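Colleague: First the structure, which I've put down as structure tokens, then a few questions once you've had a look.
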Amino acid sequence: MPLDPGRTVTELRELRELTGDENGAERVAWTDTWTRAKGWLESKLAGLGLDKTVDAAGNEWYTLRGDSDRAVLLGGHIDSVPSGGWLDGCLNVMAAVEVVRRIAAEGRPPVTIRLVNWADEEGARFGRSLFGSSAACGSMTDQDELRRLSDAEGNALPDVLAAHGVDLDRATEAQRELESAAAYLELHIEQGPVLESMGLPLGVVIGTYGVERHRVIWRGQAAHAGSTPMDQRRDALAGAAKLAIQIREIASSVGEGAVCTSGNVVCSPGIVTSVVETADQLLDQRHMERERLARMLELAREAADRFAAEERIDVDWERIWAIEPILFDERLVDLAEDSILEVVGESHRLPSGPLHDAAEVSRSGVPTVMLFVQSLRGLSHTKLEDTKPEHLELSVQALDRLATKTIDLVAAA
Ligand SMILES: [Zn+2]
């Protein structure tokens, strides 16, 4: 059976009919619609001689045995957010289905091929993303917090998981699935505007951003708007405002794709007749390089101290969340680029803003790479999410080339 990329587009439309409504895709994990989607996936893979297993975290594994136990993994997630798009997650799965069909038709491969459908990538029902992949990749350390989570109707997470055959206490036993993994490949829609703005169908993802998130708290003095002369004010908002502008300068001086965002400032007392006493500012900084990310934070802190002195106010920092940059495997990045060049003649390397299952797999030490296919208008997590069918077909071809190159690499090792 030769590769038939058009079939992937047809099947994605079929899945949309089966599991969507007028608002978009409704394959929220741990629901009946998700179960229906998984049954449909199984029917698509029937007859190919694959072993199907479900691990302790609810991830589904379809295995094509090869001469070697060392496995090349192709993955995605068939779950969606409520009223989601028709491609996020399931493109990865269905493109992998097509690639596995092609490989299976050619007889026993030199290495084992495994298609994984990760459980609950989106975290839409309980607010915890990357459930299945974090359990399998050894980064699920929050089981006590997970035990206390419930959905909007008050159903407890452990009960809902149990109804789907998953025991939360045993979920991390899924780690044994990665023991034989030699490489992990994932195709995903970009969910951003970069490839479209460059006129390119496909790109190679070099990794996921490191992130520093802080709350910057400025403290001045409330004072009457009419009776306080301008030179005697201690205006907390002035510090926040200066920093909100200065981060543009900081991002451009650090360079190499640096991004900084002041996402909100909450002022108090927050009335028209008073100088601002406290300004509670949110700052998000991202970079692909650890050193530059640290430099960006240091520059923001220095600037904040300077502005506090100028405005005679105080400033404090609280870290909200941070994650290190995760860089994908250099050899696989090269192979991914070669694959794209063979299919469309031009490629681009870009980081991923959103986290993906691939980031978890990479963090666990399995060589990993992702391909991005262009998203129209950069939209996702909405029924407006779309990609041109011809680009979807090219993306299946590129994933197929990448799988072949990766199998050769692993077989030769
Ligand atoms: Zn996704």
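Colleague: Name the residues in the stretch 108-130 that are out of contact with any helix residue (DSSP H, G or I) (no Cβ under 8 Å at 6 or more places or on another chain) and either within 13 Å of the ligand (Cβ to nearest atom) or modelled with pLDDT under 95 (or both), would you?
Modeller: 122, 124, 127, 129, listed by residue number.
Colleague: Continuing with this model, one more query. Test residue 237 against the criterion of being at pLDDT 95 or above and touching a Ser or Thr at 6+ places or on another chain (Cβ under 8 Å), and give yes or no. I'd like the intermediate steps shown before the answer.
Modeller: On the way: at pLDDT 95 or above: yes; touching a Ser or Thr at 6+ places or on another chain (Cβ under 8 Å): no.
Judged against the criteria, residue 237 is not a match.
Colleague: Just checking, does the stretch 56-75 include any residue being closer than 17 Å to residue 180 by Cβ, open to solvent by 70 Å² or more (accessible area, probe 1.4 Å) and not in a loop (DSSP other than H, G, I, E, B)?
Modeller: yes
Colleague: Further, regarding this structure: State whether one or more residues within the stretch 392-405 are within 16 Å of the ligand (Cβ to nearest atom) and farther than 30 Å from residue 108 by Cα.
Modeller: The answer is no; no qualifying residue exists.
Colleague: When both residues are 6+ apart or on different chains and their Cβ atoms are under 9 Å apart, which pairs have a first residue that lies in the stretch 383-398 and is in contact (Cβ under 8 Å) with a residue 40 or more places away in the chain, and a second that is open to solvent by 50 Å² or more (accessible area, probe 1.4 Å) and in a loop (DSSP other than H, G, I, E, B)?
Modeller: 383/22; 383/23; 385/379; 386/379; 396/4
Colleague: Something else about it: Among the numbered criteria (1) open to solvent by 10 Å² or more (accessible area, probe 1.4 Å); (2) away from the ligand (no atom under 16 Å from the Cβ), which one does residue 81 miss?
Modeller: All conditions pass for residue 81, except number (2).
Colleague: Six or more apart or on different chains, Cβ atoms under 9 Å: show the pairs whose first residue is in the stretch 289-307 and without any contact (Cβ under 8 Å) to a residue 12 or more places away in the chain and whose second is β-branched (Val, Ile, Thr) and not in a helix (DSSP H, G or I).
Modeller: That search, which allows pairs on different chains as well, returns 305/315.
Colleague: Would you please name the residue that is farthest from residue 152 (Cα to Cα), looking only at residues in the stretch 4-47 that are small (Gly, Ala, Ser) and in a helix (DSSP H, G or I)?
Modeller: Within the stretch 4-47, the subset small (Gly, Ala, Ser) is 6, 20, 24-25, 29, 37, 39, 43, 46-47.
The next check asks that each one be in a helix (DSSP H, G or I); those that pass are 6, 37, 39, 43.
Details: 6: 39, 37: 22, 39: 26, 43: 32 Å.
Looking at residues that are small (Gly, Ala, Ser) and in a helix (DSSP H, G or I), I get 6.
Colleague: Another one. All but one of (1) within 16 Å of the ligand (Cβ to nearest atom); (2) assigned to a helix (DSSP H, G or I) hold for residue 331; which doesn't?
Modeller: Condition not satisfied by residue 331: (1).
Colleague: Still on this structure: Of everything in the stretch 31-53 that's farther than 20 Å from residue 98 by Cα and touching a Lys or Arg at 6+ places or on another chain (Cβ under 6 Å), which residue is most open to solvent (accessible area, probe 1.4 Å)?
Modeller: Among those residues, the one meeting the criterion is 33.
Colleague: Have a look at 1, 94 and point out the one that is outside any loop (DSSP other than H, G, I, E, B) and either closer than 20 Å to residue 385 by Cβ or at pLDDT below 95 (or both).
Modeller: Just one listed residue meets the conditions, 94.
Colleague: For the stretch 344-365, give me each residue that is in a helix (DSSP H, G or I) and open to solvent by less than 30 Å² (accessible area, probe 1.4 Å).
Modeller: 357, 358, 359, 360, 361, 362
Here's the yes/no breakdown for (1) in contact with a Gly (Cβ under 9 Å, 6 or more places away or on another chain); (2) open to solvent by less than 40 Å² (accessible area, probe 1.4 Å):
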site: 367; (1), (2): no, yes
site: 376; (1), (2): no, yes
site: 380; (1), (2): yes, yes
site: 383; (1), (2): yes, no
site: 389; (1), (2): yes, no
site: 393; (1), (2): yes, no
site: 402; (1), (2): no, yes
site: 408; (1), (2): no, no
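Colleague: Still on this model: What number of residues within the stretch 315-343 are under 30 Å from residue 220 (Cα atoms), crowded, with 20+ Cβ neighbours inside 10 Å and touching a Lys or Arg at 6+ places or on another chain (Cβ under 7 Å)?
Modeller: The total comes to 0.
The values are calculated or read from the model by the stated rules, or taken from the named source; none is laboratory data. Everything quoted here is computed from the prediction, not taken from an experiment. Every residue, glycine among them, receives a Cβ derived from its backbone with ideal geometry; neighbour counts consider all protein chains shown. What goes into the accessible areas is simple: the full protein's heavy atoms, side chains included, and nothing from ligands, DNA or RNA. Shrake-Rupley method; radii C 1.70, N 1.55, O 1.52, S 1.80 Å.
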